[in-house]
Amino acid sequence: MVGISAQKIGQDALIFFATVNPVGALGFFFQLTAGFSDSERAVVARRAVLYAALVLVGAVVVGQLLLEAMHVRVASFQVAGGTILFLFALQMIFGRHEDAKATKGQDPAIFPLAMPVIASPEAILAAVLLTDNDVYPIPVQAVDVGLLLGILLITYLFLVASSRISWLLGGGGMALLVQVTGLVLASLAVEIVAQGIAALLAANGAAAVHTSW
């Protein structure tokens with residue numbers, strides 16, 4: 001396709017895979033649906049991935065325009081989203097499993113599974129930045145949307161297979177996966193917040209210098 005190289009396709013696919021993080025979503029999903037049957041997990045997985053797809057595709061279509069219209073800087077979004085993600089990561093590392101009955105009484109598909117776990121702050125930022133309206137034409141953006149939907153499909157397959165993966169890894173293996181996932185998410189969240197703060201400080205510093213002139 002004219003306007004997009006194989007290198008960009010590969011890079012963008014890797015970025016979407018890293019930011020959506022199907023493996024990390026699997027660890028969170030298994031903890032969140034402890035005590036659910038396979039059919040119930042399949043329903044939650046389907047709904048969560050669908051909602052996440054709506055959020056991420058929506059970010060591609062109107063995310064950039066919405067942030068500009070609300071006068072919200074991307075850096076501010078990074079700090080807020082990263083902070084929320086960090087709090088959930090701490091729950092994965094130190095939190096105890098909730099009572100299965102209490103969990104069943106809630107709908108975890110929308111929050112926190114669809115967002116901020118699957119449609120994470122970094123995934124939303126990637127969707128906005130990799131389809132920048134000022135940089136990439138519509139055909140290139142369409143390819144990136146296809147890549148994003150492909151990664152979401154992989155995520156769905158991971159979640160549906162969570163019971164089998166749990167059987168292969170065992171209880172101790174899944175517990176370790178949850179904690180490692182929490183640690184990775186916490187690290188990513190810290191990076192997101194740090195980048196956002198650095199960008200805000202740089203912007204404020206540049207504005208102060210400009211004002212002093």
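The values are calculated or read from the model by the stated rules, or taken from the named source; none is laboratory data. In this text the structure is predicted, and so the values were computed from the model without any measurement. Don't worry about glycine lacking a Cβ; one is built from the backbone with ideal geometry, like all the others, and counts go over all protein chains shown. Surface accessibility is based on the protein's heavy atoms, side chains included, excluding ligands, DNA and RNA. Shrake-Rupley method; radii C 1.70, N 1.55, O 1.52, S 1.80 Å.
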**OP:** Show PHE94, PHE16 ordered by accessible area, largest first, where the area counts protein heavy atoms only and the probe is 1.4 Å.
**Re:** PHE94, PHE16
Original post:
For the chain, modelled as a GNM with alpha-carbon contacts under 10 angstrom, which of GLN179, GLN11, GLN141 fluctuates the most?
Top reply: GLN11
Original post:
What are the DSSP H helices in the chain that stretch 24 Å or more along their long axis, judged by alpha-carbon atoms, and whose average Kyte-Doolittle hydropathy comes to at least 0.5?
Top reply: 38-58, 74-94, 138-160, 162-212
Original post:
Over the heavy atoms of MET115, what accessible area does a 1.4 Å probe trace out, to the nearest 10 Å²?
Top reply: 80 Å²
Original post:
Given +1 on the Cβ of Lys and Arg, -1 on the Cβ of Asp and Glu, and no further charges, what dipole in debye does the chain carry about its Cα centre, rounded to the nearest 20?
Top reply: 420 debye
Original post:
Would you list ARG73, ARG41, ARG47, ARG164 from the most to the least accessible area, probe 1.4 Å?
Top reply: ARG164, ARG73, ARG47, ARG41
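Compute the length gained on full extension between GLN179 and ALA142: take 0.36 nm times their separation in residues and subtract their Cα-Cα distance, giving the result in nm to one decimal. Can you show the working numbers first?
On the way: separation 37, 0.36 × 37 = 13.32 nm, distance 3.58 nm.
Going from the current span to full extension adds 9.7 nm.
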Subject >> the chain - mean residue ellipticity at 222 nm from DSSP helices (-39,500 (n - 2.57) per run, n ≥ 4, rounded to 500) >> reply: -26000 deg cm²/dmol
Original post:
Which of rounded, prolate, oblate describes region 4-63, given a ≥ b ≥ c as roots of the alpha-carbon gyration tensor eigenvalues and a/c under 1.5 marking rounded, otherwise prolate only if a/b is larger than b/c?
Top reply: prolate
